[in-house]
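Okay, structure first, notes after.
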Amino acid sequence: MSELLVDFITSLDGYASGEGWPGFWGLEGPEYLAWLTEQPEVTYLMGANTYRLMSGFAAGQVPSGQDEFRPEEESSVDELSQASKVVFSSSLEEPLTWANSTLVRDDAVETVRAMKSSGSGLLSTIGSLSLCRSLLRAGLVDRFRVVMFPVITGATGQDRIYDGYPDVALEMVEHRTFDGRIQLVEYKPRVLDHPPLGVPA
């Protein structure tokens with residue numbers, strides 16, 4: 001059975017990106033970049049908006065406010081291009097131009113449920129906030145990982161991650177600090193029907 005990881009890179013205040021900021025908020029370091037290269041092979045899950053953005057980067061479209069990609073950003077996009085990707089969308093048309101991408105028009109929750117039961121590898125989301133929210137609500141997420149960068153983007157932040165989420169209890173299974181400033185926290189999530197009635201002893 002496959003395992004599903006929801007994986008976010010965020011500012012401290014929970015934004016997925018910030019207008020005018022480079023990838024990784026320009027704060028990635030050697031420890032963090034080395035850790036990225038050590039990650040197991042995954043099949044990435046995404047929605048149409050993330051596909052349009054990331055496939056544009058893969059085709060050479062530089063993020064707004066930048067003249068060119070930094071080497072770290074270019075390497076990250078190259079690795080994504082080589083990975084298997086499943087794109088859930090009713091608006092995109094086949095054939096998808098980004099290499100190793102498969103378009104799925106069926107219900108994302110039911111498709112991922114079937115992928116988990118019939119597969120053996122790791123599934124991981126990338127971006128795609130509404131997709132992640134739907135998969136979490138459906139109880140399909142095995143691990144919930146957030147890498148927080150030491151910046152608050154209150155004025156320029158875009159894509160608030162946790163708006164519209166249910167209440168979720170999180171059991172920590174991993175934590176780590178990279179380069180003395182980047183914080184990883186990883187949890188096993190459990191969606192709650194209501195807030196807990198008491199505080200655990």
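The values are calculated or read from the model by the stated rules, or taken from the named source; none is laboratory data. Please read all numbers here as calculations on a predicted model, not as lab measurements. Side chains are part of the model used for accessible areas, which takes the heavy atoms of the whole protein and leaves out ligands, DNA and RNA. Shrake-Rupley method; radii C 1.70, N 1.55, O 1.52, S 1.80 Å.
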For region 89-157, just list the percent of Cα-Cα distances falling in each 5 Å bin from zero outward, please.
3, 11, 19, 22, 17, 12, 9, 5, 1
Per-selection metrics, region 67-181 (Cα): Rg and Dmax in Å
16.6, 44
Roughly how far apart, in whole Å, are the Cα centres of region 14-33 and region 128-163?
15 Å
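Under the Kirkwood approximation for Rh and a Cα-based Rg, what ratio Rg/Rh is obtained for the chain?
Looking at the chain, the ratio lands at 0.95.
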Among DSSP bridges having both ends in the chain, what percentage is antiparallel? Round to the nearest 5.
45 percent
If I compute solvent accessible area with a 1.4 Å probe over the protein chains, what percent of it on the chain is carbon and sulfur?
50 percent
Just want to confirm a number: the relative contact order over region 81-201, from Cα pairs under 8 angstrom separated by 6+ residues, in percent.
20 percent
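Which whole number of Å³ per residue matches the convex hull of the alpha-carbon atoms in region 1-84?
Per-residue hull volume (Cα only) is 123 Å³.
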